[in-house]
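Written out below as structure tokens is the structure these notes cover.
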């Protein structure tokens, strides 16, 4: 505990207990959206207030926290949340996926395989996958209750009708253990296969919408599709220009105004580890030292 | 010429829908009271009456949109008669999108306005497990043709359609799963008369070809004369008269029906 | 085929002080297969009322109206619907159809409801329209825009599309020229030859004499003035 006027991890113990109950219920009913009394956090909605509350409820003083935003540890959102917990909980932090016990993420699943004992906390803007086509909350809850999920395929149908292929590339809907249809948060559909059968606990927090849902370890998660338009976990058809990785999810970076661009791993920790291990991409420089990078 | 007669055994068999003592009140005010009738396969029944006569309340109770206070609505599911009032909601909703259909007066209530015509028609198919895009689309194209919507409009949204087209799209969306019982709430209301005529002709053809049973609520006596086999006249929540459509219209027995019929402008 | 016994009818006008007007009592007649019976009597004597009671759109107060095996006076709506589809035809003086439906389909419809294929039904409709001298260019148009005589002929074609075992004819030759009148009378004779029982109203006395085997004067059924 830091010598501040805050309780450990900012939230009071009663609130954390309430959130833990929602998390446990979510784990007991995989994919089901559990309502919870989301608190005002010292950051605006859309900056991860749901994820932060879930993380706060899970943190213990012995935990090591990693925070990523779009795969990167060094963007504003990730840095501010990491600092928030360093200040309010005094926990250790890391950028290395395999060193972290709790990872809060916005819009990505790390490339490195997760392991048992790890918790991955997703920040979720809109937890309701049916919202796009059915605006009534009463009706969508009824649809979940009765497993009326035809509408979800209407969304995919519209995609194919308009684009010739399922153009949904992120927040791609999934079905959990053959029961609940779930929004996996705006992760790229490239990450969808990693949702399934993961050894880690996956928790989803939506602060503004006041919902928590969860995937316990080794949960079966299937991406919805059509028989004649099967799900494909696509990525940019390139290798990383820095580390040469051919299987990681890439960001496109515009490098000048002459049309120059490069593709780099969105997972900065994964890319750094590869370069330190001697891998070099098209535009990369050989193995910068860890000290230099920091 | 000798006409090959269609098999008519089903008609004499058992009713598709049996309504027994249906009552719905809004506090002290009567919505509809003590309604009983049988509807047989292939029959089209009209329910007429002025605003507030209880015809819409009755339709809502029959279609499961509203729970009646007392009474039974027994539907022959094919595996046996079931009281839809007491059946589990999940089952009732499943029936509502397979064996039943509901055509709203306002197409906006029965269509997804943000979804293409093809998606609107395909939704019921996907809801019952269709997972082959090509087949869903082929069925949707076929149904658009049956309701006289050009195949090249399949990816347009209903917003871009005229009122008559929207209503025909709503019908296609409802009939794609081959329901046996169709509820219609003023399906021709709000349409131009020439558009109404086309819709009526289309509905007659579909009723005949699919052997549909229909319960149609309307205040338009001309519509029921052309569409309905039987007529039920409601006033103040009660059925005051029922019978063969042209008998009720040509030889009304009840004072209210006589007033209703004599109030229609002749053209 | 058609047997009426002890039939009576009255109208109750609720909106005119609940006045009860008896219009018929003790009506009785029979029509055998292959027979044509003409109803006579002055206007207002009850010819049309009797026809409508047989058709089922006027309720009988008492008595029975057997058509085939069904008593129309007590039958359920669906039984009458089925009777009209299979057994009992009616050529009225007025054409009542959905606007905008092509003439050819208007005539073919009774066959379609019997499950006849579209092609066969249309072929039968086309041959009847040809016989009744409705020019082919009019077939795709709705009959609602036709002249009175043309509408009457469309109505007749529709009434004869299916070979009903029992047929009601209300002034079938009214407003027809000599040529078409002849066609209609021939159609009636053909129907009789096939065994149809026909009950008709003919103001055209020559036509009545030609097709009717006997006549029934409905004035005999007029209630005795109170």
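Tabulated data for the structure shown
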{"item": "Helices (runs of 4 or more DSSP H) fully within the range B:78-146 counting 3 or more residues that are in contact with a helix residue (DSSP H, G or I) (Cβ under 7 Å, 6 or more places away or on another chain) and modelled with pLDDT of 95 or more", "result": "B:117-127, B:133-146"}
{"item": "Residue check for residue B:259: more than 8 Å from chain C (Cβ to nearest Cβ), in a helix (DSSP H, G or I), surrounded by fewer than 22 Cβ atoms within 10 Å (Cβ to Cβ) and in contact with a helix residue (DSSP H, G or I) (Cβ under 7 Å, 6 or more places away or on another chain)", "result": "no"}
{"item": "Check on residue B:254, surrounded by fewer than 20 Cβ atoms within 10 Å (Cβ to Cβ) and more than 12 Å from chain C (Cβ to nearest Cβ)", "result": "no"}
{"item": "Qualifying residue in the range B:118-131 (condition: at positive phi and over 20 Å from the mean Cα position of the chain (by Cα))", "result": "yes"}
{"item": "Any hit, the range C:105-113, residues being buried (at least 19 other Cβ atoms within 10 Å of the Cβ), in contact with a strand residue (DSSP E or B) (Cβ under 9 Å, 6 or more places away or on another chain) and assigned to a helix (DSSP H, G or I)", "result": "yes"}
{"item": "Condition met for residue B:72 (away from every other protein chain (no Cβ under 14 Å) and either modelled with pLDDT of 95 or more or assigned to a loop (DSSP other than H, G, I, E, B) (or both))", "result": "yes"}
{"item": "Selection count where residues are surrounded by 13 or more Cβ atoms within 10 Å (Cβ to Cβ) and either in contact with a strand residue (DSSP E or B) (Cβ under 8 Å, 6 or more places away or on another chain) or outside any loop (DSSP other than H, G, I, E, B) (or both), scope the range C:190-199", "result": "6"}
{"item": "Matching residues, the range B:93-130, being more than 11 Å from chain A (Cβ to nearest Cβ) and within 11 Å of residue B:170 (Cα to Cα)", "result": "B:101, B:102, B:103, B:104, B:105, B:106, B:107, B:108, B:109, B:110, B:111"}
{"item": "Qualifying positions in the range C:121-130 - in contact with a helix residue (DSSP H, G or I) (Cβ under 8 Å, 6 or more places away or on another chain), without any contact (Cβ under 8 Å) to a residue 24 or more places away in the chain and within 14 Å of another protein chain (Cβ to nearest Cβ)", "result": "C:122, C:126"}
{"item": "Tally, over the range B:214-241, of residues that are assigned to a strand (DSSP E or B) and surrounded by fewer than 22 Cβ atoms within 10 Å (Cβ to Cβ)", "result": "4"}
{"item": "Candidate set from the range B:147-167 (those that are within 14 Å of chain A (Cβ to nearest Cβ) and outside any helix (DSSP H, G or I)); member that is surrounded by the most Cβ atoms within 10 Å (Cβ to Cβ)", "result": "B:154"}
{"item": "Boolean, residue A:279 is within 30 Å of residue A:117 (Cβ to Cβ) and either at pLDDT below 95 or buried (at least 18 other Cβ atoms within 10 Å of the Cβ) (or both)", "result": "yes"}
{"item": "Filtered residue count, the range C:131-143, keeping only those that are in contact with a helix residue (DSSP H, G or I) (Cβ under 9 Å, 6 or more places away or on another chain), part of a helix (DSSP H, G or I) and surrounded by fewer than 17 Cβ atoms within 10 Å (Cβ to Cβ)", "result": "1"}
{"item": "The range A:52-84 - residue that is touching a helix residue (DSSP H, G or I) at 6+ places or on another chain (Cβ under 6 Å), farther than 17 Å from residue A:212 by Cβ and touching a residue at least 40 places away in the same chain (Cβ under 8 Å) and, of those, surrounded by the most Cβ atoms within 10 Å (Cβ to Cβ)", "result": "A:68"}
{"item": "Number of positions in the range B:193-213 that are part of a helix (DSSP H, G or I) and on the phi > 0 side of the Ramachandran plot", "result": "0"}
{"item": "Any hit, the range C:200-220, residues being in contact with a helix residue (DSSP H, G or I) (Cβ under 9 Å, 6 or more places away or on another chain), closer than 20 Å to residue C:126 by Cα and not in a strand (DSSP E or B)", "result": "no"}
{"item": "Within the range A:54-83, tally of residues that are touching a strand residue (DSSP E or B) at 6+ places or on another chain (Cβ under 7 Å) and in a helix (DSSP H, G or I)", "result": "8"}
{"item": "Residue identified as modelled with pLDDT under 95 and within 14 Å of another protein chain (Cβ to nearest Cβ) among B:5, B:17", "result": "B:5"}
{"item": "Any hit, the range C:156-165, residues being facing chain B (nearest Cβ under 10 Å), farther than 25 Å from residue C:193 by Cβ and surrounded by fewer than 18 Cβ atoms within 10 Å (Cβ to Cβ)", "result": "no"}
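Every residue, every condition in (1) crowded, with 19+ Cβ neighbours inside 10 Å; (2) touching a helix residue (DSSP H, G or I) at 6+ places or on another chain (Cβ under 7 Å), yes or no:
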site	(1), (2)
A:5	no, no
A:14	no, no
A:18	no, no
A:23	yes, yes
A:30	yes, no
A:33	yes, no
A:39	no, yes
A:44	no, no
A:50	yes, no
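For (1) more than 7 Å from chain B (Cβ to nearest Cβ); (2) under 14 Å from the mean Cα position of the chain (by Cα), each residue gets a yes or a no:
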position: C:72; (1), (2): yes, no
position: C:78; (1), (2): no, no
position: C:87; (1), (2): yes, yes
position: C:94; (1), (2): yes, yes
position: C:97; (1), (2): yes, no
position: C:103; (1), (2): yes, no
position: C:117; (1), (2): yes, no
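Residue-by-condition table, conditions (1) within 14 Å of chain B (Cβ to nearest Cβ); (2) at pLDDT 95 or above; (3) surrounded by fewer than 21 Cβ atoms within 10 Å (Cβ to Cβ); (4) within 21 Å of residue C:203 (Cβ to Cβ):
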| position | (1), (2), (3), (4) |
| --- | --- |
| C:9 | yes, no, no, no |
| C:16 | yes, no, yes, no |
| C:23 | yes, no, yes, yes |
| C:31 | no, yes, no, yes |
| C:37 | no, yes, yes, yes |
| C:43 | no, no, yes, yes |
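Conditions (1) under 30 Å from residue B:152 (Cα atoms); (2) modelled with pLDDT of 95 or more; (3) under 17 Å from the mean Cα position of the chain (by Cα), marked per residue:
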site: A:123; (1), (2), (3): no, yes, yes
site: A:144; (1), (2), (3): no, yes, no
site: A:152; (1), (2), (3): yes, no, no
site: A:179; (1), (2), (3): no, yes, no
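The values are calculated or read from the model by the stated rules, or taken from the named source; none is laboratory data. What you see is a predicted model; the values in this text were computed from it and never measured. Virtual Cβ from ideal backbone geometry, glycine too; neighbours counted across all protein chains shown.
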